[in-house]
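Here is the structure we will look at, set down as structure tokens.
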Ligand SMILES: [Zn+2]
């Protein structure tokens, strides 16, 4: 293996408070990082960088941990641009639009699904993302859910079984029968292919009793829960996620005092996906400020999917988290890196402490603040990882 020193870093964000200032960001100026065998082995001042096989001068740019996108739905076919345009013309979003993508996904070949997911993953990477979670949820049959997970597994370790995205159209008159399938034959086929299980808890999708049944069945098959919660209105999803010890409650757009209380002190991360609030033309965004002030661990993610958030850009999401969710630029960056890692219960990514996986993203800018300050500008790219 070759050791590489990255030096000339105007601002280095490590997310390790012992390595710098700026609180949780662990910031250093005029810094260097040494990577060996795919891991961070040294962090310090550029002037003190030890001898290495290679040296890369980033010439006054900012380096941050690679973004951790802890919520995406990359395995699908088709798009829903017309539905987006209709929403922007004033038509409201309802959860049932998912079925449009289900029909297109079922009709696609494995190669079409793989090619589309690979293209989207490459887009993410071009914008600085180095760790991605991918869900199923557009197949909704045993065979179609299992093949979505098999394709996702080719692309990431963080694979989530989302058979409970909506009730499959064949079960429109028998939702209990669909829950029995999701917790029976479909789970048996999918559990060996996934790490996580997820449920869309929402009017028009699944209620709390079905969700509890599905997540508990998943856990009995070795899958850890995460929940789509409180997206389109107030609901039971967040408190259910906390009760079950889910890794993350995702969306959190409509939270009651009791929801915030449940998240506070729980091991459940609140993952904000403001790209979805943007794309559904939600009248409100999640109140990230309130969550951070309450001491809740907050992540931000793209929720990349063709219906409600067709963005692969973590910098876009960071900008929304700052402008619409009330996070500071520093908090939004932390949430897009360390927060995403927490939502995936990973300690090896999302930071650049000693021993971390060497996922380095460089910004064509002198500081992390430019991510939100210069929205829409392609500043971020993967430097290593
Ligand atoms: Zn989602």
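The values are calculated or read from the model by the stated rules, or taken from the named source; none is laboratory data. Everything numeric here is computed off the predicted structure, so don't read it as measured data. In this analysis, Cβ positions are derived from the backbone assuming ideal geometry, glycine residues included, and neighbour counts consider all displayed protein chains.
Determine whether region 101-109 contains at least one residue that is assigned by TED's automatic domain parsing to the domain that holds residue 134 and not in a helix (DSSP H, G or I).
Here is the first cut: in region 101-109, the ones assigned by TED's automatic domain parsing to the domain that holds residue 134 are 101-109.
From what is left, the residues that are not in a helix (DSSP H, G or I) are 108-109.
Yes, region 101-109 contains at least one residue that is assigned by TED's automatic domain parsing to the domain that holds residue 134 and not in a helix (DSSP H, G or I).
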Being touching a residue at least 12 places away in the same chain (Cβ under 8 Å), more than 15 Å from residue 356 (Cβ to Cβ) and more than 16 Å from the ligand (Cβ to nearest atom) narrows it down to one of 38, 66, 26, 22, so name that one. 22
Residue by residue through region 353-378, note down the ones that are touching a helix residue (DSSP H, G or I) at 6+ places or on another chain (Cβ under 8 Å) and either assigned to a helix (DSSP H, G or I) or buried (at least 21 other Cβ atoms within 10 Å of the Cβ) (or both). 363, 368, 371, 372, 373
Leading residue by the ranking (surrounded by the most Cβ atoms within 10 Å (Cβ to Cβ)) among those in region 41-50 that are in contact (Cβ under 8 Å) with a residue 40 or more places away in the chain and either out of contact with any helix residue (DSSP H, G or I) (no Cβ under 7 Å at 6 or more places or on another chain) or not in a strand (DSSP E or B) (or both): 49
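When region 269-284 is examined, which residues are found to be part of a loop (DSSP other than H, G, I, E, B) and within 16 Å of the ligand (Cβ to nearest atom)? Outline the logic, then answer.
Of all residues in region 269-284, those part of a loop (DSSP other than H, G, I, E, B) come to 273, 280-284.
Result: 273, 280, 282.
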Of (1) closer than 23 Å to residue 246 by Cα; (2) crowded, with 24+ Cβ neighbours inside 10 Å, residue 347 fails just (2)
If a residue counts only when it is closer than 30 Å to residue 360 by Cα and touching a strand residue (DSSP E or B) at 6+ places or on another chain (Cβ under 7 Å), which helices (runs of 4 or more DSSP H) contained entirely in region 128-228 have at least 1 such residues? 142-155
